[in-house]
Ligand SMILES: [Fe+2]
Ligand SMILES: [Fe+2]
């Protein structure tokens, strides 16, 4: 039976298949090797430790591989959280019978529901040119990748379908802010919200575990995303003027401001944006993105908390998170 991490109880026996999401080899004070592991399945991740690991076991598998493990759930006296004390662990070589959907964490939201939400948001865009641009970008394979990709490796929405969940949510947050400020171009803002992280379809590999791709590490999703949008703009440029139903000058302005929104959506240079937001739509997108990413971190940490009041130190947010909820 599949192990559901948030429902684990102390002393529960484990006999299951996982993805090894992290592995560190350490030595105790007597010089005996042990493994500190992070095991993952679709319900999340958990820490695990394998004491007395000989050289062969320490080398037997690596991060990103599928492993079979038996063990017992214990309360870690050091971390004050449940972890698995591993009895036996080995790599699974024949993965043909394994459904990766059971192993990779995926969005808690229903995929069909999120896709309908995206379709509804796109249908609400009345600017013909922006609607055409979205059609041009979302080829069948891009749409599939966009719906499947995670939004991060470790920060927020770091699971399959995470990019779609995050993007739809940023659209909603941005839209709500736009309601307050009539001067804002809602179509431009919503299009920017849909596209702001589209580079993540290329930034991550997520076949057996979520990790950065080579181009993800070398270029990053902001530059990749701007290129995806700029390439689509260039392709649309060859479409006859009469199909575009808008003035050329206005289209050039839209293109410029949309590309600016993609490039500036992290807000500051030290957060990875080559340029800081300089339009109201870019400002709102930056803040809507930030709110949604951080709110998701809290939601995820609370779901994984197994009764703990405080999270481990959260590096992306640079603080411990207080997880106790005030009930309604
Ligand atoms: Fe981003
Ligand atoms: Fe984002």
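The values are calculated or read from the model by the stated rules, or taken from the named source; none is laboratory data. This one's a predicted model, so the numbers in the text were calculated from it and none came from an experiment. Cβ placement follows ideal geometry from the backbone for every residue including glycine, while neighbour counts extend to all protein chains displayed.
Summary table below
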item: Within segment 251-283, tally of residues that are in contact (Cβ under 8 Å) with a residue 12 or more places away in the chain, in a helix (DSSP H, G or I) and either out of contact with any helix residue (DSSP H, G or I) (no Cβ under 7 Å at 6 or more places or on another chain) or under 17 Å from residue 198 (Cα atoms) (or both); result: 11
item: Sole exception among (1) surrounded by fewer than 18 Cβ atoms within 10 Å (Cβ to Cβ); (2) without any contact (Cβ under 8 Å) to a residue 60 or more places away in the chain for residue 286, by number; result: (1)
item: Residue 223 being within 16 Å of ligand 1 (Cβ to nearest atom), under 18 Å from residue 136 (Cβ atoms) and assigned to a helix (DSSP H, G or I); result: no
item: Flag for residue 81 being at negative phi, assigned by TED's automatic domain parsing to the domain that holds residue 24 and surrounded by 20 or more Cβ atoms within 10 Å (Cβ to Cβ); result: no
item: Residue in segment 161-172 that is at pLDDT below 95, on the phi > 0 side of the Ramachandran plot and surrounded by 21 or more Cβ atoms within 10 Å (Cβ to Cβ) present; result: yes
item: Qualifying residue in segment 149-165 (condition: closer than 21 Å to residue 255 by Cβ and within 16 Å of ligand 1 (Cβ to nearest atom)); result: no
item: Subset tally (residues that are more than 16 Å from ligand 2 (Cβ to nearest atom) and either part of a loop (DSSP other than H, G, I, E, B) or touching a residue at least 40 places away in the same chain (Cβ under 8 Å) (or both)) for segment 290-318; result: 12
item: In segment 184-213, residue farthest from residue 145 (Cα to Cα) [restricted to those that are at pLDDT 95 or above and away from ligand 2 (no atom under 16 Å from the Cβ)]; result: 184
item: All positions within segment 210-220 that are more than 16 Å from ligand 1 (Cβ to nearest atom) and within 12 Å of the chain's Cα centre (by Cα); result: 211
item: Single residue of 281, 270 found to be assigned by TED's automatic domain parsing to the domain that holds residue 128 and surrounded by fewer than 18 Cβ atoms within 10 Å (Cβ to Cβ); result: 270
item: Conditions (1) modelled with pLDDT of 90 or more; (2) under 23 Å from residue 209 (Cα atoms): number failed by residue 51; result: (2)
